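Engineer: Handing you a structure now.
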Amino acid sequence: MLGLGNSVTGGAALSDFVVSDLSEVITWLKADTGVTETSTDSGVVARWRDNVGTTDWISSTSGRQPSVSGTGVNTKLSFDGGDRLYQKEYDWNTTDDAFDFDFPHDVFDVMNAGGNGGLTFFVVMEVDSSLGQTVHSILTEAHFVDDGTPGSGFTARTDISGTIALYTKADFVNVGGINAGSVAFNSGTSSGTEFPLDAKFLATIEYAGGTNGEITLRVNGVNKTLTNGNTVTAGVITIGSLGLNTNGIKGDLYELINCSSKLSSSNRDLVENYLMTRHSIS
């Protein structure tokens, strides 16, 4: 182990760096690792196992499951804008009471705990320039509560909220929590030039937390200017699903790393260098 939390510093060689050595990492998904396809449809994803913790990201709802294709580092999960995976305990039976979500098995990631500490989020993805959809709600809260009758449904929760989203054709980044549900920041253009299209890119979102905490957007390791304001008081950010039923991810995911607080700049650089090297992003 290199160390814990912010004790991992830039003195470590990239070849020695392991993402899970950072104690702040609460989600690490790699498309070439831990994907289980459905028993009936080859290439359709039923389960995506997290590389940290003890959780799976699952869906048993036909028509709401991403597809998987490719090999090695170019393996990708393709989402159509309505596909969604929910975070559950390891080996939860996806066929048991599937549409009722079996709430005792829900797992949530909490960032900016107590309204302080912020977050750091990394995603390697690709968006086809021909796609009309601009919103990519990547991580969202699964804001439901069991109504108490198995198989009968659920009701909305009001005690948790969380959103991390990119608007790849309008150059927006969206971070929301319980105090600020959906705050978008324009990075300066309306043509989508900040986010490369038809190619892999790395987006890094940093949030400082606290009152009027600063939002930072980086694309392929370069800071972008957020011209329509760059602060928000988000409160606690709670995440329980990947994608959204409407205005979800519409593109390909290769790798995703989410951290419970804002990393030091040296640790952020280690993660970015790892991702850009692994995915041949310059």
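Engineer: In percent, what relative contact order does the range 189-282 have, based on Cα pairs under 8 Å that are 6 or more apart in sequence?
Structural biologist: It comes to 27 percent, rounded to a whole number.
Engineer: Order these by the 10 Å Cβ neighbour count, fewest first: 204, 225. Display every interim value, and only then the final one.
Structural biologist: Details: 204 25, 225 12.
Fewest-to-most Cβ neighbours within 10 Å comes out as 225, 204.
Engineer: To make sure I understand, if each residue's beta carbon is the centre and we count other beta carbons within 10 Å, what order do 139, 166 fall in, fewest to most?
Structural biologist: Working: 139 25, 166 28.
With the sparsest Cβ surroundings first, the list reads 139, 166.
Engineer: Quick one: which residues, 5+ away or cross-chain, put their amide H under 5 Å from the amide H of residue 37? H built at 1.01 Å from N.
Structural biologist: When sequence neighbours closer than 5 places are left aside, the close amide H contacts are 46.
Engineer: Would you list, by chain and number, the lysines whose Cα falls below 20 Å from the Cα of residue 76, excluding same-chain residues fewer than 8 positions away?
Structural biologist: Filter leaves 30, 200, 250.
Engineer: Quick one: Cα centre-to-centre distance for the range 208-282 and the range 30-89, in angstrom?
Structural biologist: If you average the Cα positions of each part, the centres end up 21 Å apart.
Engineer: A follow-up question, please. Going by C-beta contacts inside 10 Å, put 123, 18 in order with the fewest on the left.
Structural biologist: 18, 123
We did not get these values from a lab; they are worked out from the coordinates using the rules stated. These figures come from a predicted structure and were not determined experimentally. Positions of Cβ are generated from backbone atoms using ideal geometry, with glycine treated the same way; all protein chains shown enter the neighbour counts.
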